[in-house]
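Structure record follows, encoded as structure tokens.
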Amino acid sequence: MEAVVVMKLPSFKSLAPNAISIASGHRSFSRVRRSSSLSVASSSATIATDSEPVSLGHSTRKDFRILHQEVNGSKLVYLDNAATSQKPAAVLDALQNYYEFYNSNVHRGIHYLSAKATDEFELARKKVARFINASDSREIVFTRNATEAINLVAYSWGLSNLKPGDEVILTVAEHHSCIVPWQIVSQKTGAVLKFVTLNDDEVPDIDMLREMISSKTKLVAVHHVSNVLASSLPIEEIVVWAHDVGAKVLVDACQSVPHMVVDVQKLNADFLVASSHKMCGPTGIGFLYGKSDLLLAMPPFLGGGEMISDVFLDHSTYAEPPSRFEAGTPAIGETIALGAAVDYLSGIGMTKIHEYEVELSKYLYEKLSSLPNVRIYGPRPSENVHRAALCSFNVEGLHPTDLATFLDQQHGVAIRSGHHCAQPLHRYLGVNASARASLYFYNTKEDVDSFIVALADTVSFFDSFK
């Protein structure tokens, strides 16, 4: 027996009953038809019982105020963590405390507020350095985000070191921020971009990458963990291969630093970038790790205050790194709050976070793959293959944007739809877009169960129109 539930959709008005309205690029759904498939999906979902130990997700949820709310009449289930993470109270408090009690510009004043702000700002740099095991905090350059960090390397190191015929190796699975800057630089320098494709397991072909490295290779710029495929690359091996021919390695670690132990000295990469907002910190702040000798040899990326030593009318001399690459007033409060995020993650322990997410990732993959007509991208998990805690997928005959919209409006489930800033990868996979559910340590198996039940209902709704 079908029950018809009329939902209030404040963002979408004037919808006809039982109709799908598509206007201005937005899709709105006025009614949910509950079918028998919902009860089947619900009964198959494994709900954690009170007798089980309290999971990391359950124990940390109290720190995230945003998770305790309803969206469109349903409990919020936030599964869009690969796009951005939520912020614990300690991070929000750190940001507010700065603006409320010691708001001042850094490095430029001798009064108490400025000294306090400077101390906290530079302490955050030391915290980030310890977090990724950099040998010196001066190897940490603060940027607006990871995208700016990659552009900094492209424009400063790339324009100074690349020449016609030099080769930069990337994969088809890179985020746009690790493709477009190198396209721009290659056009200016005559360098050649070479792309590694995927193997039969839908992961970048490491054998192809190794064979592609030659005396012409000057840089290998790759992700650590894919934001679409949930796969990881053997960075330590790649670094050895690259260094054997004198090439440098840049690692996009946006999807690894928040989820596992990342040791830059062990990886031995020359550059590594990450973004605060994916690791429980605020938006508007990211960082570049660079080996000291490389940073010392690189010219400024931007000119202005803070990055200079002396300014004359006909020339200027520049400060030592990292100041050389931090022109102008930085995002002070956000940087301090990033330091608080590092403290929070360190307090839990990155090993503990990673182990919990490995378990949660398996659970998500198993539940999602059990649904009919679902295509999950990336490698199949096994004893030797551990996927990151995300699944990009498509449901046959259903556009991912329709799917994501319905999940949000009718079930309060937040996932991502689109190309996830990875259009070349999606084209390689033969699709224009995908849906993506991505987890973090504050998620639980119940969140996954709610998602699977909601997804089954979503598919049932659209099937009713066929």
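Please state the equivalent ellipsoid semi-axes for the range 310-425: what are the square roots of 5 times the Cα gyration tensor eigenvalues, largest first, in whole Å?
Working: eigenvalues 352, 92, 52 Å².
Computed over the range 310-425, the values are 42, 21, 16 Å.
Given the protein chains as shown and a 1.4 Å probe, how many square angstrom of Y365 are accessible, to the nearest 10?
20 Å²
Which percent, nearest 5, of DSSP beta bridges in the chain are antiparallel?
Numbers: 35 of 54 bridges.
Close to 65 percent.
Which FRET efficiency value, to the nearest 0.05, do you get for K362 and E320 by plugging their Cβ-Cβ distance into 1/(1 + (r/R0)^6) with R0 = 45 Å? Intermediate results must be reported in sequence, preceding the final value.
Working: r = 47 Å, r/R0 = 1.04.
The calculated FRET efficiency here is 0.45.
Among L79, L302, S382, whose Cα projects farthest towards the positive end of the dipole of the chain, with charges put on the beta-carbon of Lys, Arg (+1) and Asp, Glu (-1)?
In the chain, that residue is L79.
By average Cβ neighbour count within 10 Å, what is the ranking of 193-199, 369-375 from highest down? Please list the in-between numbers first.
On the way: 193-199: 17.3, 369-375: 13.1.
Final packing ranking: 193-199, 369-375.
Using +1 at the C-beta of Lys and Arg and -1 at the C-beta of Asp and Glu, which of A134, A327, I235 has the Cα lying farthest in the positive direction of the dipole of the range 89-347?
Final value for the positive-end residue is A327.
How large is the helix-only mean residue ellipticity at 222 nm for the chain, computed as the sum of -39500 (n - 2.57) over DSSP H runs with n ≥ 4, divided by its residue count, in deg cm²/dmol to the nearest 500? Before the final figure, lay out the partial values.
Numbers: 15 runs with 166 residues, N = 466.
That comes out to -11000 deg cm²/dmol.
Tell me, what is the percent relative contact order of the range 89-347, built from C-alpha pairs under 8 Å that lie six or more residues apart? The partial results should precede the final answer.
Values: 491 pairs, mean separation 65.4, N = 259.
Contact order relative to length: 25 percent.
Of all accessible surface on the chain at a 1.4 Å probe, what whole percent is carbon and sulfur? Walk me through the numbers on the way to the answer.
On the way: 10370 of 20340 Å².
Accessible surface attributable to carbon and sulfur in the chain totals 51 percent.
Long-range amide H contacts for S85: which residues qualify at under 5 Å (H placed 1.01 Å from N, peptide plane, sequence gap of 5 or more or a different chain)?
When sequence neighbours closer than 5 places are left aside, the close amide H contacts are K278, M279, C280.
DSSP beta bridges in the range 89-347, what fraction antiparallel, as a percent rounded to 5?
Details: 14 of 30 bridges.
That works out to approximately 45 percent antiparallel.
In Å², what does the accessible area per residue of the range 89-347 work out to with a 1.4 Å probe?
On the way: 10390 Å² over 259 residues.
With the other protein chains kept in place, the range 89-347 gives 40 Å² per residue.
Can you tell me what percent of all Cα-Cα pairs in the range 350-392 are more than 16 Å apart?
Roughly 34 percent, rounded to a whole number.
Is the shape of the range 161-218 rounded, prolate or oblate, going by the alpha carbon gyration tensor and its root eigenvalues a ≥ b ≥ c, with a/c under 1.5 for rounded and a/b larger than b/c for prolate?
Working: a/c = 3.62, a/b = 1.50, b/c = 2.42.
It is oblate, given that a/c is not under 1.5 and a/b is not larger than b/c.
State, as an integer percentage, the relative contact order of the chain based on alpha-carbon contacts under 8 Å between residues 6 or more apart.
Numbers: 896 pairs, mean separation 107.8, N = 466.
The normalised contact order for the chain reaches 23 percent.
Less than 11 Å Cβ to Cβ from S177, Lys/Arg counted +1 and Asp/Glu -1: what total charge do the surrounding residues give? Working shown, then result.
Numbers: positive: none; negative: E148, E174, D252.
Every neighbour counted, the sum reads -3.
Leaving ligands and nucleic acids out of the surface, order I169, I110 by accessible area at 1.4 Å, largest first.
Values: I169 0, I110 175 Å².
So, going from the largest accessible area down, we get I110, I169.
Averaged over all directions, how much area does the convex hull of the C-alpha atoms of the chain cover when projected, in nm²? Can you show the working numbers first?
Details: hull surface 101.3 nm².
Convex hull of Cα atoms, orientation-averaged projection: 25.3 nm².
Quick check: the angle from helix 235-244's long axis to the longest principal axis of the chain, C-alpha only, nearest 10 degrees?
30 degrees
Can you give the net charge of the other residues whose Cβ lies under 11 Å from the Cβ of V273, counting K and R as +1 and D and E as -1? Mind showing how you got there, number by number?
Numbers: positive: none; negative: E148, D252.
Computed value for this residue: -2.
Return a whole-number percent for the relative contact order of the range 317-466, with Cα pairs under 8 Å and 6 or more residues apart as the contact set.
Working: 135 pairs, mean separation 33.1, N = 150.
RCO, the range 317-466: 22 percent.
Once the Cα atoms of helix 400-411 and of the chain are each reduced to a long axis, what angle between those two axes, in degrees from 0 to 90 to the nearest 10, is obtained?
On a 0 to 90 degree scale, this one is about 70.
Within straight cross-link reach of K188, meaning Cα distance under 22 Å, which lysines are found once same-chain residues fewer than 8 apart are removed?
The reachable lysines, counting only those whose Cα sits under 22 Å from K188, are K163, K216, K218, K248.
At 1.4 Å probe size, put L425, L113 in order of accessible surface, largest to smallest. The partial results should precede the final answer.
On the way: L425 0, L113 65 Å².
Largest accessible area first, the list is L113, L425.
What figure in square angstrom, to the nearest 10, would you give for the accessible area of K248 with a 1.4 Å probe?
Number for this one is 60 Å².
Taking the chain as the reference, fit the longest principal axis to its C-alpha atoms, fit the long axis of helix 332-348 to the helix C-alpha atoms, and give the angle between the two in degrees, 0 to 90, nearest 10.
60 degrees
Scan around D80 for amide H atoms under 5 Å from its own, H built in the peptide plane at 1.01 Å from N, and keep only partners 5 or more places away or cross-chain.
Those lying under 5 Å, H to H, from D80 are S438.
Work out, step by step, the length gained on full extension between E236 and H58: first 0.36 nm times the residue separation, then minus their alpha carbon distance; give nm to one decimal.
Numbers: separation 178, 0.36 × 178 = 64.08 nm, distance 3.43 nm.
Length difference between fully extended and current span is 60.7 nm.
What Kirkwood radius, in Å to one decimal, follows from the Cα pairs of the range 89-347? Intermediate results must be reported in sequence, preceding the final value.
Values: mean 1/r = 0.0528 Å⁻¹.
About 18.9 Å, per the Kirkwood formula over Cα pairs.
What is the sum of charges, Lys and Arg at +1 and Asp and Glu at -1, for the other residues whose Cβ falls under 14 Å from the Cβ of C254?
Details: positive: R144, K278; negative: E148, E174, D252.
Spelling it out: positives minus negatives among the neighbours equals -1.
The values are calculated or read from the model by the stated rules, or taken from the named source; none is laboratory data. This one's a predicted model, so the numbers in the text were calculated from it and none came from an experiment. Cβ: placed from backbone, ideal geometry, glycine included. Neighbour counts: every protein chain shown. These accessible areas exclude ligands, DNA and RNA; they are computed on the full protein's heavy atoms, side chains included. Shrake-Rupley method; radii C 1.70, N 1.55, O 1.52, S 1.80 Å.
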